[in-house]
Amino acid sequence: MDYLKKFSLEGKTALVTGAAYGIGFAIAEALAGAGAKIAFNCRGQEHMDKALAAYKEKGIDAKGYICDVTDETQVQKMVADIEADLGVIDILVNNAGIIKRIPMTEMSVEEFRQVVDIDLNAPFIMAKAVIPGMIKKGHGKIINICSMMSELGRETVSAYAAAKGGLKMLTKNIASEYGEYNIQCNGIGPGYIATPQTAPLRETQADGSRHPFDKFIISKTPAARWGDPEDLMGPAIFLASDASDFVNGHILYVDGGILAYIGKQP
Ligand code: NAP
Ligand code: GCO
């Protein structure tokens, strides 16, 4: 048997949320490269137009939908539209997410709720919308984009860490609840990846030196570099494909070794 064929996504339909740019865009590109039809969403027309042009430039015929993943009505409509346009969704990647870096005692409850709403409640809304179709089809893959903050805390990211820690457990629960329907739900936990979300942490200083946080991350990463969105392509294909059919409820950390490392000795 040609076991490499199990990595093919030929004939599958994938929805990647928040894939106008950044990690989502790279994952969508990878899934398309492995043969999947791609649907993606973002919230505004300006990002949508740019994204459609970027997919076209890569030779990918992606279908874009304007949809806020926190709005269940919009999500249900998007999923129905994708079914009509491309077929029942085989692969869902819950990628859309935001971060707010504010010390906890200065953070308003509205700000905390907004992060949890997008980073945790929305993956629930999304998964709830696609699981019935997956059950009918007899298989499905859900990939939740987790974080180093699914395991670790740090100053200013309380809401994000709470949401991403919760997303890790939602992943395990979906695996537990729907594994018997041949649905696998796994997470990818990216390390520190160079995208617009982390741009403020990498800004060159007025004197031309590197941002202290940039240096800190390099020192904490055995690979001694930031990750690129491309680093997530292979793991995403694996978890979206039949090659991972007995992997369920797992979080695959793609972090250059951060979680394995105690840090450089003084
Ligand atoms: P990014 O560059 O800020 O992109 C985030 C994407 O999410 C955008 O396409 C944005 O689209 C979309 N989005 C945000 N809120 C949305 C909503 N309510 N509805 C629909 N789309 C929404 O972020 P990234 O760095 O690529 O991160 C992608 C995911 O990976 C996030 O879940 C993030 O937490 C996670 N992550 C990132 C890193 C990292 O180091 N960069 C590490 C670990 C995990 P619009 O603004 O156009 O709507
Ligand atoms: C931060 C970062 C992180 C990363 C990522 C790490 O401020 O510490 O933005 O939270 O984006 O999620 O895996």
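Starting from residues that are in contact (Cβ under 8 Å) with a residue 60 or more places away in the chain and part of a helix (DSSP H, G or I), keep the ones in segment 79-113 and report whichever is surrounded by the fewest Cβ atoms within 10 Å (Cβ to Cβ). Out of the qualifying residues, it is Leu86.
Picking from residues in segment 174-209 that are more than 16 Å from ligand 2 (Cβ to nearest atom) and aromatic (Phe, Trp, Tyr), the one that is farthest from Ala127 (Cα to Cα) is Tyr181.
For segment 131-142, does any single residue satisfy the condition of being within 13 Å of ligand 1 (Cβ to nearest atom), modelled with pLDDT of 95 or more and not hydrophobic (A, V, I, L, M, F, W, C)? No. Restricting attention to segment 158-206 and to residues that are within 15 Å of ligand 1 (Cβ to nearest atom) and among the charged types (D, E, K, R), the residue that is surrounded by the fewest Cβ atoms within 10 Å (Cβ to Cβ) turns out to be Glu203.
Here the condition is being within 13 Å of ligand 1 (Cβ to nearest atom) and under 24 Å from Pro190 (Cβ atoms); of Lys12, Lys50, Lys58, it holds for Lys50 alone.
If the condition is being exposed (fewer than 12 other Cβ atoms within 10 Å of the Cβ) and among the small types (Gly, Ala, Ser), then segment 36-62 contributes Gly44, Ala53, Gly59. Looking at segment 53-78, which of its residues are closer than 14 Å to Ile125 by Cα, touching a helix residue (DSSP H, G or I) at 6+ places or on another chain (Cβ under 9 Å) and either within 16 Å of ligand 2 (Cβ to nearest atom) or part of a helix (DSSP H, G or I) (or both)? Of everything in segment 53-78, those that are closer than 14 Å to Ile125 by Cα, touching a helix residue (DSSP H, G or I) at 6+ places or on another chain (Cβ under 9 Å) and either within 16 Å of ligand 2 (Cβ to nearest atom) or part of a helix (DSSP H, G or I) (or both) turn out to be Glu72, Val75, Gln76, Met78. The residues listed here are Asp231, Asp207, Asp214; of these, the one that is part of a loop (DSSP other than H, G, I, E, B) and of a type outside the set (Phe, Trp, Tyr) is Asp207. Against the test of being out of contact with any Gly (no Cβ under 8 Å at 6 or more places or on another chain) and within 14 Å of ligand 2 (Cβ to nearest atom), the options Glu151, Glu110, Glu155, Glu106 yield a single qualifying residue, Glu155.
Just one of (1) under 20 Å from Ala243 (Cα atoms); (2) outside any helix (DSSP H, G or I) fails for Glu29. It is (2).
The values are calculated or read from the model by the stated rules, or taken from the named source; none is laboratory data. Computed from a predicted model, the values in this text were never measured in an experiment. Cβ: placed from backbone, ideal geometry, glycine included. Neighbour counts: every protein chain shown.
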